[in-house]
Amino acid sequence: MKTRLARAALVLAVAGSYLVYVFQLSHAAFWTSGIGDWMDPYFINALLEHWYQSAISLRDPSSPPMYFPARGTLGYSHGLVLFAVFYGPVRLFLHPFLAYNVTLLLVVATGMLCLYVLLRRLGLSLAEALILTALFCTSKNVINGGTST
């Protein structure tokens, strides 16, 4: 049991350190403004905010304002729907831009931990799963530090 807790603590420490570095949590910019170059931030933030407002007012989430005058347009993909699961609860307490930042952080963190668990379930050792997860998460097509995306 102690070994499992030690492994879990190691995995969380490594993942947490990486996320602190990538999202620059020690800098004020993360906490005071929206992340500018992560995908298409204005569109995604507007869409997430539309879903949030629809959910709290119990309205139909189809036909976001950016698709006016078209009616019945959903305006999202399956990937963005998964963002809404994180955004909704976070948005209850935070400004829309900060809620988007925290949503991105939570989505990346969840993806990292799920990949690690999947690799462990496939029979890889702790070191192998950590190294493969790190290689995937630091890949330029997942997170690119040079462009801050």
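Every residue in the stretch 42-63 that is among the small types (Gly, Ala, Ser) and not in a helix (DSSP H, G or I), please. Correct list: SER62, SER63.
Of SER63, SER33, which residue is touching a Ser or Thr at 6+ places or on another chain (Cβ under 8 Å), over 25 Å from THR133 (Cβ atoms), surrounded by 12 or more Cβ atoms within 10 Å (Cβ to Cβ) and at pLDDT below 80?
Details: SER33 fails: touching a Ser or Thr at 6+ places or on another chain (Cβ under 8 Å).
Exactly one residue qualifies, and that residue is SER63.
Scanning the stretch 36-58 for residues that are modelled with pLDDT of 80 or more and open to solvent by 50 Å² or more (accessible area, probe 1.4 Å), which turns out farthest from PHE97 (Cα to Cα)? Going through the qualifying residues, I end up with LEU58.
Remark: pairs (first residue in the stretch 98-126, more than 26 Å from LEU48 (Cβ to Cβ) and of a type outside the set (A, V, I, L, M); second residue open to solvent by less than 50 Å² (accessible area, probe 1.4 Å) and assigned to a helix (DSSP H, G or I); Cβ separation under 8 Å; 6+ apart in sequence or on different chains) = TYR116/VAL11; TYR116/ALA15; TYR116/ALA129; TYR116/LEU130; TYR116/THR133; ARG120/LEU126; ARG120/ALA129.
Just checking: which of the helices (runs of 4 or more DSSP H) contained wholly in the stretch 68-149 hold 2 or more residues that are within 17 Å of the chain's Cα centre (by Cα) and at pLDDT 90 or above?
On the way: elements: 78-91, 96-121, 126-137.
Here the list reads 78-91, 96-121.
The values are calculated or read from the model by the stated rules, or taken from the named source; none is laboratory data. Source: prediction; values computed, not measured. Glycine also receives a Cβ, built like all others from the backbone with ideal geometry; neighbour counts cover every protein chain displayed. For accessibility, only protein heavy atoms count, side chains too; no ligands or nucleic acids. Shrake-Rupley method; radii C 1.70, N 1.55, O 1.52, S 1.80 Å.
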